[in-house]
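Below: the structure, in structure tokens.
Read the figures in this text as sums done on the coordinates, not as results from a lab. Keep in mind it's a predicted model, so treat the numbers as computed, not measured. Because the Cβ atoms are built from the backbone with ideal geometry, glycine has one as well, and the counts that use them run over all protein chains shown.
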Amino acid sequence: MLNVGECVIYGSHGLCRVQEILVPSFLERGNEKQYYMMVSAVDAGSVLYVPVDGAEDKVREVMSADDAEGLIDEIDVIEEMDLPEGKKAEPAIAEVVKRNIADEMMSLVKALHKIKAIREAEGKKFAALNERYLNIAEKLLYTEMAFALKTEKDEVKSRVVYELSQLPLETA
């Protein structure tokens with residue numbers, strides 16, 4: 001069971017803090033169950049109600065500071081996600097975002113950044129759909145990493161984007 005004040009990753013909602021454990025007033029009489037009232041660190045002001053029963057399958061611990069540093073330090077060897085072309089990429093990207101597993105998210109961010117850089121180098125636009133998913137993936141990943149490293153999300157983003165900018169664009 002989670003404790004009040006504990007921070008966890010709740011699927012594609014990202015970093016959340018357990019604010020309260022309660023039986024919400026919106027439940028019908030006779031259907032009273034305990035819920036975690038979680039406040040999202042990713043979407044300011046967002047409050048989530050998660051049933052205590054079964055929550056263990058939907059939450060995971062926040063990565064450690066060592067894991068966060070490792071994701072940045074090892075960015076050159078992290079394999080970038082192999083994405084299908086065009087709209088066929090959306091289901092694959094959406095699945096990674098839904099699972100919200102840090103190393104998969106970094107692989108996705110790396111792949112999308114590379115596609116963006118290649119498109120820009122060719123004088124082409126980066127697809128709006130890819131831009132949207134890149135923003136979502138970065139928001140989820142960098143918020144968790146910033147929490148683990150006790151720093152700001154923008155600081156993490158700057159470090160990651162710098163490391164990605166140092167990588168070659170050509171494919172092996």
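May I ask which of LYS88/LYS110; LYS124/LYS150; LYS58/LYS114; LYS98/LYS157; LYS114/LYS139 have a Cα-Cα span longer than 29 Å here? Beyond 29 Å between Cα atoms: LYS124/LYS150; LYS58/LYS114. The order of ILE75, ILE9, going from fewest to most other C-beta atoms within 10 Å of their C-beta, is ILE75, ILE9. Normalising by residue count, the stretch 63-165 has a Cα convex hull of 89 Å³ per residue.
Adding -39500 (n - 2.57) for every DSSP H run of four residues or longer, then dividing by how many residues the chain holds, sets the calculated 222 nm ellipticity at -14500 deg cm²/dmol.
Normalised by residue count, the stretch 1-55 yields a Cα convex hull volume of 79 Å³ per residue. Between GLU95 and ILE72, the simple spin-label model (points 7 angstrom out along Cα→Cβ) gives 3.1 nm. Taking the number of Cβ atoms within 10 Å of each Cβ as an exposure proxy, the fewest-first ranking of MET145, MET63, MET106, MET37 is MET37, MET63, MET106, MET145.
Over the chain, Cα pairs under 8 Å with separation of 6+ residues give a relative contact order of 21 percent. Loop-resident GluC sites (Glu not before Pro) (DSSP state other than H, G, I, E or B) in the stretch 14-109 with no more than 15 further Cβ atoms inside 10 Å of their Cβ: GLU28, GLU32, GLU74, GLU79, GLU85. Using every Cα-Cα pair within the chain, state what percent have a distance larger than 23 Å. I get 45 percent for the Cα pairs in the chain exceeding 23 Å.
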